[in-house]
Amino acid sequence: MVRAGSVITIEARAKINLTLEILGKRPDGYHELRSIVMPVSLTDTITLTSTYAQTAMTITVSPGVDLTKIGAVDKNLAFRAARLMQESYRVNAGARIHIHKRIPIGGGLGGGSADAAGVIMGLDKLWQLHRPLEELMVLGAELGSDVPALVHGGAVLMEGRGERVRGLFDDDAPTLCEGFWLVIANPGLMCSTPDVFKKWRGGLTAGPSILHNMASSIRTSDVSAAAEALHNGLQPAVYENYPGVAQIATQLQEAGCLGVLLSGSGASVFGLARDEAHGQEIGRKLGSGLWHVLVRTCPVV
Ligand code: C5P
């Protein structure tokens, strides 16, 4: 029995793809992927309050997040996640969802997917469902390709359409993994994910060394090796078709980042910093004209 008025707060983390290999087009129209995904310390805050039956959602935003980019509530992934949980588990209770957004919308940082994943995990607790993680990941895959990785959490290897996810260090967790500091910049424009995938023309060849090199640089916290191993198969198509995105990549490079990469299908770009002080220096060089934030990758497990 769920008590109305119970409250749960979740910090839903943005993600970056340190590698994103596009292995080919699938018969179902999606693309076969292989990607190392890591959550970062930029979060949306989700507050869930149990109600007797109704589900409703409100959203507030931090400066720099464009509220006009948020679509209708019934199309919102977080709201749909709540409906899906209600239907899948025949829950009589409802939930009031409030999301305070800091993650840029449509920015390739998985903000919408992170919110959906947060709602799934939060409602599992709030409604005392106690479902296994694998089952919640399968449910998440119904909402979007990035959702299972964010339900899982930590550094993951994502394959297939995005639905095959496992912890990157499941077999052998690193004893000490300091993670990386990085500066994320967003040009304030949106890249349409279907459009970006449509414009992908192959070309950038993927290979086993991409995955191997990135996994070992995360394991050893070697940021220079990670900078060398960055890979995003969607990047050429995005830089060609969205010059505003290519321009912020140049700005990050000129500000001294060790390596710069398009995040997911864009429009955000991130640059690796040597350490926190270096990240702050990069931020100062970028100035106030470009939205940017200094973040850290989250623990790998
Ligand atoms: O699954 P999701 O709704 O996030 O995907 C958005 C769009 O991105 C899809 O409609 C598809 O055009 C493209 N996509 C793809 N292959 C993937 C993931 C996404 O082609 N593996």
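The values are calculated or read from the model by the stated rules, or taken from the named source; none is laboratory data. This structure is a prediction, so every number in the text was calculated from the model and none was measured. Cβ atoms come from the backbone with ideal geometry, glycine included; neighbour counts cover every protein chain shown.
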| Hits in segment 198-251 (condition: closer than 22 Å to Gly167 by Cα, in contact (Cβ under 8 Å) with a residue 40 or more places away in the chain and part of a helix (DSSP H, G or I)) | Ile210, Leu211, Met214, Ala215, Ile218, Arg219, Val223, Ala226, Ala227, Ala229
| request: Test Ala185 against the stated conditions and say whether it is away from the ligand (no atom under 16 Å from the Cβ), closer than 30 Å to Ile70 by Cβ, touching a helix residue (DSSP H, G or I) at 6+ places or on another chain (Cβ under 8 Å) and small (Gly, Ala, Ser). | output: yes
| field | Index of the failed condition, Glu32 passing every other in (1) over 30 Å from Phe169 (Cα atoms); (2) surrounded by fewer than 19 Cβ atoms within 10 Å (Cβ to Cβ); (3) within 16 Å of the ligand (Cβ to nearest atom) | value | (1)
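Tally time: how many residues in segment 86-140 are β-branched (Val, Ile, Thr), surrounded by 21 or more Cβ atoms within 10 Å (Cβ to Cβ) and in contact (Cβ under 8 Å) with a residue 40 or more places away in the chain? Before the answer, list the steps.
Going through segment 86-140, the residues β-branched (Val, Ile, Thr) turn out to be 91, 97, 99, 103, 105, 119-120, 138.
Going one step further and asking which of them are surrounded by 21 or more Cβ atoms within 10 Å (Cβ to Cβ), we end up with 97, 99, 103, 119-120.
The next check asks that each one be in contact (Cβ under 8 Å) with a residue 40 or more places away in the chain; those that pass are 97, 99, 103, 119.
Matching residues across segment 86-140 total 4.
State whether one or more residues within segment 273-285 are among the charged types (D, E, K, R), assigned to a helix (DSSP H, G or I), modelled with pLDDT of 95 or more and closer than 21 Å to Arg102 by Cα. Don't jump to the end; show me each part of the working.
Kept after step one, since they are among the charged types (D, E, K, R), are these residues of segment 273-285: 274-276, 281, 284-285.
Now drop any that are not assigned to a helix (DSSP H, G or I), which leaves 276, 281, 284-285.
So of that shortlist, the ones also modelled with pLDDT of 95 or more come out as 276, 281, 284-285.
After this cut, where a residue has to be closer than 21 Å to Arg102 by Cα as well, the list is 276, 284.
Yes: segment 273-285 contains one or more residues that are among the charged types (D, E, K, R), assigned to a helix (DSSP H, G or I), modelled with pLDDT of 95 or more and closer than 21 Å to Arg102 by Cα.
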| query | For segment 156-181, which residues satisfy the criterion of being among the small types (Gly, Ala, Ser) and either within 23 Å of Asp222 (Cα to Cα) or surrounded by 23 or more Cβ atoms within 10 Å (Cβ to Cβ) (or both)? | reply | Gly167, Ala173, Gly179
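For Ala82, indicate whether it is crowded, with 24+ Cβ neighbours inside 10 Å, within 16 Å of the ligand (Cβ to nearest atom) and within 20 Å of the chain's Cα centre (by Cα).
Numbers: crowded, with 24+ Cβ neighbours inside 10 Å: yes; within 16 Å of the ligand (Cβ to nearest atom): no; within 20 Å of the chain's Cα centre (by Cα): yes.
So Ala82 fails the test.
Can you pull out the residues in segment 144-155 that are more than 10 Å from the ligand (Cβ to nearest atom) and surrounded by fewer than 24 Cβ atoms within 10 Å (Cβ to Cβ)?
Once the filter is applied, which keeps residues that are more than 10 Å from the ligand (Cβ to nearest atom) and surrounded by fewer than 24 Cβ atoms within 10 Å (Cβ to Cβ), segment 144-155 yields His152, Gly153, Gly154.
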